[in-house]
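So the structure is just underneath, and the comments pick up after that.
The values are calculated or read from the model by the stated rules, or taken from the named source; none is laboratory data. Nothing here was measured: the structure is a model prediction, and the numbers come from that model. We place every Cβ from the backbone using ideal geometry, glycine too, and count neighbours over all the protein chains shown. Keep in mind that these areas ignore ligands, DNA and RNA; they rest on the heavy atoms of the full protein, side chains included. Shrake-Rupley method; radii C 1.70, N 1.55, O 1.52, S 1.80 Å.
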Amino acid sequence: VSCPQGQLLAKSWSSFFEGQAGAALRGPIYSFNGRNVLTDPLWPRRLAWHGSTPRGGHARRWDCQGWRSSSTAEGMATALGEGRLLAGHRHNCSTP
């Protein structure tokens with residue numbers, strides 16, 4: 001699986017969900033407007049929101065599904081610096 005710039009992110013699509021915390025992230029990650037999320041100051045919290053368990057299943061209570069701006073709901077997200085796609089922790093759904 002490669003990003004649009006041709007850099008390898010994972011050996012295969014299924015490897016994103018193998019092991020205890022999914023694939024190790026490699027290379028930069030770009031936003032839809034071309035900014036490097038890992039280095040751009042526009043992204044102070046470098047989180048990948050996924051709402052999944054470490055094995056790729058739906059984390060029903062932690063997916064921000066019922067989120068409202070005044071809510072204290074939490075969802076599963078991974079700090080991109082951790083290097084594992086699904087090595088998530090609960091974060092407030094209002095976190096930018």
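Filtering the stretch 33-48 to residues that are free of Cβ contacts under 8 Å to residues at least 12 places away in the same chain and under 15 Å from the mean Cα position of the chain (by Cα) leaves only Asn36.
A count restricted to the stretch 49-59 and to residues that are under 18 Å from Ala73 (Cβ atoms) and either more than 11 Å from the chain's Cα centre (by Cα) or of a type in the set (A, V, I, L, M) (or both) stands at 3. Could you list, in sequence order, all residues of the stretch 74-90 that are at pLDDT 75 or above and open to solvent by 30 Å² or more (accessible area, probe 1.4 Å)? Correct list: Glu74, Ala79, His89, Arg90.
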